[in-house]
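S.K.: Would you mind keeping the following structure in view while I ask a few things?
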């Protein structure tokens, strides 16, 4: 299932000085946005207070200014849509808080939403805690539970840490899917709260990917790859998973690809993992992929790979590295291609 979850964690946002609406509400929208970037609110009520103080017209301008500021900081001016992990980490929680405050129609409704958000965030984090100690069973989370269970075995500290990080990686990705489906912490959520939770989990996932990349980069620099011959196939797969999702650091992904290539011949890494990372890097380098492992939802229930080199021999290449025929692979993704997913994938670059 690792291969069949689209690449999208636990983020801990810094506790900083709260926004004081009465102090910044009279500033220009661009200045308010810059203040929010350096002083992200730690209390959702601060967004509502800001809207009340600034007024609806100015508040809408603040939302636009926050987006423009984030794109400028990230060096992405002129790009229409980008994935959240390419933007500063403050942006998603700030923008989500602003949008939630903009959607509300009364203070009573706002307070209900705030209570619901807090409850569902707690449920989400509690689900992770329960998984970590074997307290929860859910068919979509069984694989994560198995990964975490392995950490109770007598493993070297680095391998144990790797397992936990891989499990958190998958928890965030399955978390986005379960939220889309309205399950567990998202069951019967109010629509604005559900939208907020989707963004909340995605923001945490980005924070996880960044943290995992930094950890893996340091680990590989000191000890090299988690070879199958020394650490086992599970560790090899978990390390690949972290590298595969290091999309914010394409240079690191290229380095890992070069590291893995000779290990394929010695049996110290799975050929299919090398193939999937090869495709990831090829697309970042604006080249056709070789194995058809990367793609997108083009219609509800329809997933298609991005451009592939020599498509007539695609299945032969896939078989050589242990990947199933492309039609079987596509079928595994079709089920996650909802209408909302199609719309989202059509916007994000």
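The values are calculated or read from the model by the stated rules, or taken from the named source; none is laboratory data. Everything numeric here is computed off the predicted structure, so don't read it as measured data. Neighbour counts run over all protein chains shown; Cβ positions are idealised from the backbone, glycine included.
S.K.: Of all residues in the range 148-182, count the ones that are under 28 Å from residue 222 (Cβ atoms) and within 19 Å of the chain's Cα centre (by Cα).
M.R.: Of the residues in the range 148-182, 12 are under 28 Å from residue 222 (Cβ atoms) and within 19 Å of the chain's Cα centre (by Cα).
S.K.: Among all residue pairs at least 6 apart or on different chains, which show Cβ distances below 6 Å where the first residue, located in the range 57-85, is on the phi > 0 side of the Ramachandran plot and in a loop (DSSP other than H, G, I, E, B) and the second is exposed (fewer than 15 other Cβ atoms within 10 Å of the Cβ) and modelled with pLDDT of 90 or more?
M.R.: Cβ pairs passing all conditions: none.
S.K.: So which pairs qualify, if the first residue must be in the range 120-148 and farther than 14 Å from residue 163 by Cα, the second must be surrounded by fewer than 19 Cβ atoms within 10 Å (Cβ to Cβ) and at pLDDT below 90, the Cβ gap must be under 6 Å, and the two must be at least 6 apart or on different chains?
M.R.: Going by the 6 Å Cβ cut-off, the qualifying pairs are 130/136.
S.K.: Now a separate question. Just the residues that are surrounded by fewer than 23 Cβ atoms within 10 Å (Cβ to Cβ) and part of a helix (DSSP H, G or I), please, taken from the range 261-274.
M.R.: 261, 262, 263, 264, 265, 266, 271, 272, 274 - these are the residues of the range 261-274 that are surrounded by fewer than 23 Cβ atoms within 10 Å (Cβ to Cβ) and part of a helix (DSSP H, G or I).
S.K.: With the condition kept exactly as written, say whether any residue in the range 217-230 is under 23 Å from residue 42 (Cβ atoms) and buried (at least 18 other Cβ atoms within 10 Å of the Cβ).
M.R.: Within the range 217-230, not a single residue is under 23 Å from residue 42 (Cβ atoms) and buried (at least 18 other Cβ atoms within 10 Å of the Cβ).
S.K.: Scan the range 301-318 for residues that are under 21 Å from residue 334 (Cα atoms) and in a helix (DSSP H, G or I) and jot them down.
M.R.: Within the range 301-318, 311, 314, 315, 318 meet the criteria.
S.K.: When residue 303 is evaluated against the numbered criteria (1) closer than 19 Å to residue 288 by Cα; (2) modelled with pLDDT of 95 or more; (3) touching a helix residue (DSSP H, G or I) at 6+ places or on another chain (Cβ under 9 Å), which criterion, by number, is the only one it fails?
M.R.: (2)
S.K.: Every residue in the range 99-116 that is crowded, with 16+ Cβ neighbours inside 10 Å and closer than 13 Å to residue 52 by Cβ, please.
M.R.: Selection gives 101, 102, 104, 110.
S.K.: Taking the options 256, 298, name whichever one is at negative phi and not in a helix (DSSP H, G or I).
M.R.: 298
S.K.: Among the numbered criteria (1) in contact with a helix residue (DSSP H, G or I) (Cβ under 7 Å, 6 or more places away or on another chain); (2) surrounded by 15 or more Cβ atoms within 10 Å (Cβ to Cβ), which one does residue 74 miss?
M.R.: (2)
S.K.: Yes or no: residue 243 within 20 Å of the chain's Cα centre (by Cα), crowded, with 21+ Cβ neighbours inside 10 Å and at pLDDT 95 or above?
M.R.: yes
S.K.: Could you please find all residues in the range 319-349 being at pLDDT 90 or above, part of a loop (DSSP other than H, G, I, E, B) and surrounded by 17 or more Cβ atoms within 10 Å (Cβ to Cβ)?
M.R.: Answer for the range 319-349, where residues must be at pLDDT 90 or above, part of a loop (DSSP other than H, G, I, E, B) and surrounded by 17 or more Cβ atoms within 10 Å (Cβ to Cβ): 321, 323.
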